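A short write-up of the structure that comes next.
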Amino acid sequence: MIQTLIVEDDYRIAEIHSEFIEHLDNVKLVGKALNGKEAIGFAEKYPIDLVILDLYIPDISGLEILEELRKIQGEIDAIIISAASEKI
C-alpha cells in the first residue's frame, strides 16, 4: 500500500487529487495538508511513501516542505503538480 499525502493550498485542487487517489488500487490517502505546517504534522504522525506536491504553498515552498518531510522520514517520493512555470 502506497501511503500518500497531498500538499496543496487550494482545497478544491486537493479534493480533485484525493478523488483520483481514491480510485487507485494499493494507494491510501494519509491526508491533505493546506500548508507546510500541516504537512510536517502528518509526517510526524503517519508513514508517507509519496507526496503529491504543489510548489507554491503560503508558509513554506513546496521544495522546502519535501526536504523537511525527508528529514523526518527519509526518502519520500514526490509528484509535483503545480502551476509554476519556472524551471527548477
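None of the figures in this text is laboratory data; all of them are computed from the coordinates on show. Only a predicted model underlies this, so the values are computations on that prediction, with no experimental measurement involved. Neighbour counts are summed over all protein chains in view; Cβ atoms, including those assigned to glycine, are modelled from backbone coordinates with ideal geometry.
If the Cβ limit is 7 Å and pairs must be 6+ apart or interchain, which residue in the stretch 32-57 that is within 19 Å of Glu15 (Cβ to Cβ) pairs with which residue that is of a type in the set (S, T, N, Q) and surrounded by 21 or more Cβ atoms within 10 Å (Cβ to Cβ)?
Leu50/Thr4; Ile52/Thr4
Return yes when Ser85 is of a type outside the set (Asp, Glu) and more than 19 Å from Ala14 (Cα to Cα) and no when it is not.
Taking the combined requirement at face value, the residue satisfies it.
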